[in-house]
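The values are calculated or read from the model by the stated rules, or taken from the named source; none is laboratory data. Keep in mind that this is a model prediction, so the values were computed, not measured. Glycine also receives a Cβ, built like all others from the backbone with ideal geometry; neighbour counts cover every protein chain displayed. The accessibility values were calculated without ligands, DNA or RNA, using every heavy atom of the protein model including side chains. Shrake-Rupley method; radii C 1.70, N 1.55, O 1.52, S 1.80 Å.
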Amino acid sequence: MGKKKTVAIALAALSVCMLTACGSEQSSGQKDASSSAGSTETGSSKTGDVTKIEFFQMKKEAVDTMDYLIAEFEKQHPKIDVEQVTVPDGETVLMTRAAADDLPDVFTHYPIDANFANFVKEGKVLDITGKPCTENVIPEYLKSAEVDGKNYIAPISIEYNGVYYEENSFKEKGYEVPETWSDLVALVDKMKEDGETPFVLSNKDAWTTSYLWTGIMTKDMGSYKDFYEDMKAGKDSFSKNPIAKATLEKMKWVNDNAQSDSISVSYDQAITDFVNGKGMMMPSGSFVLPSLQSANPDASFKIFPWPTDTGETKETVRVDLAVAAGKNKNDNKEAVDTFMQYLTSTEAAQIFSDRDHSLSAIKGVVPDIPEAQRVTESVDKNGVLDAVAPPPGFEQEKRAELQEMIMDGDVSKCLTKLDEIWKELTAE
């Protein structure tokens, strides 16, 4: 694959102090942050005929795959040097850099994220409407990523979620994959009778609490679009909505049947614990599968959709990996365009899908994900694209309230608090 190109920049080098890390473990391709704190290895420049561009990449599970793609790109474009950069708490770092008008040449983000929308509205991101990097994106995904009718970010992969299990362990113990919520309850009861811990959770990382509730809730609701519109119009609320209340009760039940110290377990630690057999199931998204397989190549990890009471489901998918370009002062826009066009090519997107085990937003890619057959079949039959965001700041507040609910078990209080936060953030 050639030399690793990834650099983990110390936060001090970015003039950011005392940021809280999303995950403390570095991928194998990263240099030690302390060794690069004072270096000039990152950033953008031109040396002779070679143009160097910075690729700020927040999806840590994709570091090795991106190293591979960068190496392939540089073989085809020897006069462009791409430096992949990963840091803890990348979203916070990007906010700081945006404030300093120093967004990276190319960076990953999430189209429906409120912070990204703010970058666009503040004029920090290049308009890529009609550029070659958008031509190969499946139209519905490109449309879903628009901000005020224009494209500023190019979707590459599509995320799904569900519940992971180790197939051989299930077979050995005689466990069946549940088709309905009552099946899941019966399965969990049997696991506890057998002395097993049903679920492994990572509630220390607040984003996983929100992801868990979303995974359960969207199976009944599908897209949040109508719900959020009714919330903004004052016609609905978390406290009044029967799906919101019922699914938060289900989320609490999942937590009640997880390891006792889940609030102190990080995402990385949960992966390690699950792979080592400290729990039978781990709720997560498509993005975690490469990490599971890397941690135990001999295991047979599979994922099934969150079941519903009736067995009927809405399989919600979202854009996961997507790339944008910072509107900075670097004289390398041609190299940036070339790299982004490569990342959205069928060639590169097929490699990414194969290695990431994700669905693709790119034309011509044929996903091959036997580990997720149950989910992908459900997506084909029941797929719903969710491309709406709550008000800016709500997601962060929601995560904190969900962590509080996990600790005190008070579902009604949590729903009421979410209503109060929503009203505060949407008040004129």
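Candidates Asp81, Asp32, Asp89, Asp101: the one that is out of contact with any Phe, Trp or Tyr (no Cβ under 9 Å at 6 or more places or on another chain), under 20 Å from Ala324 (Cα atoms) and modelled with pLDDT under 90 is Asp89. Here the stretch 352-372 is the region considered, the condition is being touching a residue at least 24 places away in the same chain (Cβ under 8 Å) and more than 20 Å from the chain's Cα centre (by Cα), and the residue that is most open to solvent (accessible area, probe 1.4 Å) is Lys363. Can you find a residue that is open to solvent by less than 20 Å² (accessible area, probe 1.4 Å), within 30 Å of Leu343 (Cβ to Cβ) and touching a Pro at 6+ places or on another chain (Cβ under 8 Å) anywhere in the stretch 273-287? Checking the stretch 273-287: not a single residue is open to solvent by less than 20 Å² (accessible area, probe 1.4 Å), within 30 Å of Leu343 (Cβ to Cβ) and touching a Pro at 6+ places or on another chain (Cβ under 8 Å). Considered as a group, the residues in the stretch 144-162 that are at pLDDT below 95 and among the charged types (D, E, K, R) include one that is nearest to Lys121 (Cα to Cα), and that residue is Asp148. Summed over the stretch 162-182, the residues that are of a type outside the set (Val, Ile, Thr), open to solvent by less than 70 Å² (accessible area, probe 1.4 Å) and either assigned to a helix (DSSP H, G or I) or out of contact with any helix residue (DSSP H, G or I) (no Cβ under 9 Å at 6 or more places or on another chain) (or both) give a count of 6. Scoring Val200 on the criteria (1) surrounded by 19 or more Cβ atoms within 10 Å (Cβ to Cβ); (2) within 30 Å of Phe56 (Cβ to Cβ) leaves a single failure, condition (2).
Among the residues of this structure, Lys52 counts as one that is among the basic types (Lys, Arg), at pLDDT 85 or above and either surrounded by 15 or more Cβ atoms within 10 Å (Cβ to Cβ) or outside any loop (DSSP other than H, G, I, E, B) (or both). Across the stretch 114-151, the qualifying residues are those that are in a loop (DSSP other than H, G, I, E, B) and without any contact (Cβ under 8 Å) to a residue 40 or more places away in the chain, and the one among them that is most open to solvent (accessible area, probe 1.4 Å) is Asp148. Kindly indicate whether Glu377 is farther than 26 Å from Pro139 by Cα and either of a type in the set (A, V, I, L, M, F, W, C) or at pLDDT 90 or above (or both). For Glu377, the condition - farther than 26 Å from Pro139 by Cα and either of a type in the set (A, V, I, L, M, F, W, C) or at pLDDT 90 or above (or both) - is not met.
So for the stretch 58-73 (the condition being at pLDDT 95 or above, surrounded by fewer than 18 Cβ atoms within 10 Å (Cβ to Cβ) and touching an Asp or Glu at 6+ places or on another chain (Cβ under 9 Å)), does at least one residue qualify? Yes, that holds for at least one residue. The single condition from (1) touching a Phe, Trp or Tyr at 6+ places or on another chain (Cβ under 9 Å); (2) at pLDDT 95 or above that Glu249 fails is (1). Evaluation of Lys240 against the conditions (1) open to solvent by 50 Å² or more (accessible area, probe 1.4 Å); (2) in contact (Cβ under 8 Å) with a residue 40 or more places away in the chain; (3) in contact with a helix residue (DSSP H, G or I) (Cβ under 9 Å, 6 or more places away or on another chain) shows that the sole unmet condition is (2).
Close contacts from the stretch 329-351, counting a first residue that is in contact (Cβ under 8 Å) with a residue 24 or more places away in the chain and a second that is open to solvent by 50 Å² or more (accessible area, probe 1.4 Å) and in a loop (DSSP other than H, G, I, E, B), with Cβ to Cβ under 6 Å and a gap of 6+ residues or different chains, come to Thr346/Gly364.
The residues listed here are Asp356, Asp331, Asp368; of these, the one that is touching a Pro at 6+ places or on another chain (Cβ under 7 Å), on the phi < 0 side of the Ramachandran plot and not hydroxyl-bearing (Ser, Thr, Tyr) is Asp356.
Return yes when Val188 is within 18 Å of Met282 (Cα to Cα) and open to solvent by less than 20 Å² (accessible area, probe 1.4 Å) and no when it is not. So Val188 fits the description; yes. Give the residues of the stretch 307-329 that are farther than 15 Å from Ala387 by Cβ and open to solvent by 20 Å² or more (accessible area, probe 1.4 Å), sorted by residue number. Answer for the stretch 307-329, where residues must be farther than 15 Å from Ala387 by Cβ and open to solvent by 20 Å² or more (accessible area, probe 1.4 Å): Asp309, Thr310, Gly311, Glu312, Thr313, Lys327, Asn328, Lys329. Restricting to the stretch 186-210, what's the tally of residues that are more than 16 Å from the chain's Cα centre (by Cα), over 13 Å from Lys173 (Cα atoms), part of a helix (DSSP H, G or I) and not small (Gly, Ala, Ser)? The qualifying residues number 1. In the stretch 67-88, the residues that are touching a residue at least 60 places away in the same chain (Cβ under 8 Å) reach residues that are hydrophobic (A, V, I, L, M, F, W, C) and assigned to a loop (DSSP other than H, G, I, E, B) with C-beta atoms within less than 6 angstrom, at least six apart or across chains, in these pairs: Tyr68/Met1; Ala71/Met1; Val85/Ile9; Val87/Ile9; Pro88/Ala21; Pro88/Cys22. Of all residues in the stretch 252-265, those satisfying the criterion of being touching a helix residue (DSSP H, G or I) at 6+ places or on another chain (Cβ under 9 Å) and either touching a residue at least 60 places away in the same chain (Cβ under 8 Å) or open to solvent by 20 Å² or more (accessible area, probe 1.4 Å) (or both) are Lys252, Trp253, Asn255, Asn257, Gln259, Ser262, Ile263, Val265.
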